[in-house]
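The values are calculated or read from the model by the stated rules, or taken from the named source; none is laboratory data. From a predicted model like this one, the values you see are computed outputs, not experimental measurements. Virtual Cβ from ideal backbone geometry, glycine too; neighbours counted across all protein chains shown.
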Amino acid sequence: MRELVKLYKAVKDQDSEKMLSYLKSGSLYFSPDYPLQYITANCKFRLASEVSAKLQDVSPILSDQCDGTNFSTEWVARSILSAMYAMFYMDMLKGVAVRECRNPTCRECFTVNLNDKREARKIYCSHSCVAAVTQREYRKKKRAEKEVQP
Ligand SMILES: [Zn+2]
């Protein structure tokens, strides 16, 4: 677990030397000449798969122990280590929000990185939803204009 936390910090700090030393401990060959983006992507893949594997012994539970009509969440873990991985998982997701797409015909859930100012403003899940809503509003405006004209 300590190694994963170190790797996570190296990814966050974009420390290519530390990321490479982690990747080299695996069986694949990684050169310091590789682009930082490529090294980062590989480290993120390892982090995601290793942390996900440890989350199998942890599950969320919907709790009714909350005020009024609200619900909250509780976590159940089979071991202290798996509880630590659950905490690590939640730390890794800090600054990430789940949103529902504002396109009424989509309503898909997507995640946004709140630390990225541009991404934090996202209200649609994809470019095609942005285009669909824009098109719909354009047609609505055109129709309204036609009705006004004699
Ligand atoms: Zn959408």
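One table, with the values for the structure above:
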{"item": "Close pairs from the stretch 99-120: first among the aromatic types (Phe, Trp, Tyr), partner modelled with pLDDT of 90 or more, Cβ under 9 Å, at least 6 apart", "result": "Phe110/Cys101; Phe110/Lys122; Phe110/Tyr124; Phe110/Cys125; Phe110/Ser126"}
{"item": "Matching residues in the stretch 107-150 - criterion: being in a loop (DSSP other than H, G, I, E, B) and exposed (fewer than 12 other Cβ atoms within 10 Å of the Cβ)", "result": "Arg107, Asn115, Asp116, Arg121, Gln149, Pro150"}
{"item": "Scan of the stretch 127-144 for residues that are hydroxyl-bearing (Ser, Thr, Tyr) and within 16 Å of the ligand (Cβ to nearest atom), ordered by number", "result": "Ser128, Thr134"}
{"item": "Pairs with Cβ under 6 Å, 6+ apart, first in the stretch 123-134 and not assigned by TED's automatic domain parsing to the domain that holds Asn103, second part of a loop (DSSP other than H, G, I, E, B) and near the ligand (Cβ under 7 Å from one of its atoms)", "result": "none"}
{"item": "Residue among Tyr85, Tyr124, Tyr89, Tyr34 that alone is aromatic (Phe, Trp, Tyr) and within 16 Å of the ligand (Cβ to nearest atom)", "result": "Tyr124"}
